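In what follows, a single structure is set out as C-alpha cells and then discussed.
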C-alpha cells in the first residue's frame, strides 16, 4: 500500500476544508439572522395591509395613504441582508428586481426612487420623523417611535 505524498494529502485536506466551509456558508446564508418587520410612522392610520398593497407601495404605484398623506418609502441598500430579507418575505422579489422596477419608473419620468438610508438606526429615525413614512426594521429594534404594520 502506497502512502499519499504530502502534496497529495495537503490537496485532499484543502478540498475537504473547502467543502466544509461551503456547507457552513450555505447554512448561514439560508438562516435568517433576524426577523424583519414592516413599520410606519405613527401618523399612518393603517395597522394591517394586504400583500398587494405592500407591493404597490414599494413598487411606487401607491403614492398616497387613504387620508391623502403622501407615502414616503425608506429602504436600505440593495446589498443589505435586511433589505434582501424584506424583498423576499414581503415583495416576493430579489432586490435587483425591485431596483429594476424603480429604474423603469424613474427613467420613464413616471416616478421617483424611494429614500435610501445607510443603517437601521437611520431608518427608524427617518420613519419616526416623517409623516406617511413606511419601511422595515428588525423586530428587536421596533420601539414606540414607529408602528409595526401587519401584512395579511
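For residue 52 and residue 122, calculate 0.36 nm times their separation in residues minus their Cα-Cα distance, and state this gained length in nm to one decimal.
22.5 nm
With a ≥ b ≥ c the root eigenvalues of the C-alpha gyration tensor of the range 54-152, is it rounded (a/c under 1.5), prolate (a/b larger than b/c) or oblate?
oblate
Based on DSSP, what percent of beta bridges with both residues in the range 36-151 are antiparallel, to the nearest 5?
Bridges in the range 36-151 that DSSP calls antiparallel: roughly 55 percent.
Kindly identify the range 97-152 as rounded, prolate or oblate by the Cα gyration tensor criterion: order the square roots of the eigenvalues as a ≥ b ≥ c, call it rounded if a/c is under 1.5, otherwise compare a/b with b/c, prolate if a/b is larger, else oblate.
Taking the square roots of the gyration eigenvalues as a ≥ b ≥ c, the range 97-152 is prolate.
State the extension gain, in nm to one decimal, for the chain segment bounded by residue 96 and residue 145, taking 0.36 nm per residue of separation less the distance between their alpha-carbons.
Extending this stretch completely gives an extra 14.6 nm.
Throughout, read-outs are computed from the coordinates displayed, never taken from laboratory work. Since the structure is predicted, the reported quantities are computational estimates derived from the model, not experimental observations.
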